[in-house]
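Written below as structure tokens is the structure these notes are about.
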């Protein structure tokens with residue numbers, strides 16, 4: 001946990017303090033970078049929608065509550081990159097899919113698939129993005145999906161499955 005907090009603070013520190021990464025608007029606009037940022041934005045918004053719906057339907061259940069908070073942090077990180085590089089923040093996130101899981105186990109399965117898709121998306125854009133600040137941010141978010149979110153949802157699914165078998 002401390003490792004993730006330190007990584008997050010390091011990235012935010014780079015964004016704010018380093019002249020190379022500073023918050024002043026940069027003019028490094030290119031369509032691939034903008035495409036990558038918009039895809040990351042939409043991915044984060046989709047994850048938030050899924051986790052909000054689960055919480056609304058099933059209550060303040062872990063790990064959805066905690067991971068929703070982290071997705072909101074990712075949104076803030078991405079927002080700072082849009083501002084920094086002078087890209088327009090998408091006013092509306094299009095084509096978000098609405099899920100209506102029947103139970104918490106199904107919600108975990110949906111979340112697992114979402115996190116796998118997120119990790120793949122970031123793997124694709126890490127090959128394309130050239131700006132260090134965006135590259136580091138994408139790497140951080142990808143690690144969160146792979147090393148933290150995905151295992152948390154898998155563990156919750158396992159607990160629910162074992163509980164059902166034992167009942």
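The values are calculated or read from the model by the stated rules, or taken from the named source; none is laboratory data. Just so you know, these numbers come straight off a predicted model, no measurement behind them. Quick reminder, even Gly has a Cβ in these numbers, built from the backbone with ideal geometry, and neighbours come from all protein chains shown.
Checking the conditions here, which among 58, 64 is touching a helix residue (DSSP H, G or I) at 6+ places or on another chain (Cβ under 6 Å), surrounded by fewer than 17 Cβ atoms within 10 Å (Cβ to Cβ) and under 30 Å from residue 163 (Cα atoms)? Explain how you work it out, then say what you get.
Numbers: 64 fails: surrounded by fewer than 17 Cβ atoms within 10 Å (Cβ to Cβ).
Answer to the check: 58.
Just to be sure before I move on: is residue 61 out of contact with any strand residue (DSSP E or B) (no Cβ under 8 Å at 6 or more places or on another chain), at negative phi and part of a helix (DSSP H, G or I) in the structure I sent?
Values: out of contact with any strand residue (DSSP E or B) (no Cβ under 8 Å at 6 or more places or on another chain): yes; at negative phi: yes; part of a helix (DSSP H, G or I): no.
No: the conditions fail for residue 61.
Picking from 99, 125, 85, which residue would you name as being more than 15 Å from residue 45 (Cα to Cα) and at pLDDT below 95? Explain how you work it out, then say what you get.
Numbers: 99 fails: more than 15 Å from residue 45 (Cα to Cα); 125 fails: at pLDDT below 95.
After applying the criteria, what remains is 85.
Among the candidates 26, 46, which residue alone is at pLDDT below 95, over 12 Å from the mean Cα position of the chain (by Cα) and surrounded by 14 or more Cβ atoms within 10 Å (Cβ to Cβ)?
Unique residue meeting the criteria: 26.
Would segment 145-152 turn up any residue that is surrounded by 13 or more Cβ atoms within 10 Å (Cβ to Cβ), closer than 16 Å to residue 41 by Cβ and modelled with pLDDT of 95 or more?
For segment 145-152, residues surrounded by 13 or more Cβ atoms within 10 Å (Cβ to Cβ), closer than 16 Å to residue 41 by Cβ and modelled with pLDDT of 95 or more: present.
For segment 29-41, give me each residue that is farther than 27 Å from residue 155 by Cβ and either within 10 Å of the chain's Cα centre (by Cα) or in a helix (DSSP H, G or I) (or both). Don't jump to the end; show me each part of the working.
Residues of segment 29-41 farther than 27 Å from residue 155 by Cβ: 29-39, 41.
Passing the criteria: 31, 32, 33, 34, 35, 36, 37, 38, 39, 41.
Among what's in segment 156-167 and is exposed (fewer than 13 other Cβ atoms within 10 Å of the Cβ) and in a helix (DSSP H, G or I), pick the residue that is modelled with the lowest pLDDT.
166
Kindly establish whether residue 139 is under 13 Å from the mean Cα position of the chain (by Cα) and farther than 30 Å from residue 59 by Cα. Don't jump to the end; show me each part of the working.
Numbers: under 13 Å from the mean Cα position of the chain (by Cα): yes; farther than 30 Å from residue 59 by Cα: yes.
In short, yes.
Please enumerate the residues belonging to segment 68-102 that are without any contact (Cβ under 8 Å) to a residue 12 or more places away in the chain and over 14 Å from the mean Cα position of the chain (by Cα).
88, 91, 92, 102
Those residues that are touching a residue at least 40 places away in the same chain (Cβ under 8 Å), part of a helix (DSSP H, G or I) and surrounded by fewer than 18 Cβ atoms within 10 Å (Cβ to Cβ), I need them from segment 121-135; list them, please.
At the first step, the residues of segment 121-135 found to be touching a residue at least 40 places away in the same chain (Cβ under 8 Å) are 121-122, 125, 128-134.
Narrowing further to those that are part of a helix (DSSP H, G or I): 121-122, 125, 132-134.
Within segment 121-135, 132 is the sole residue that qualifies.
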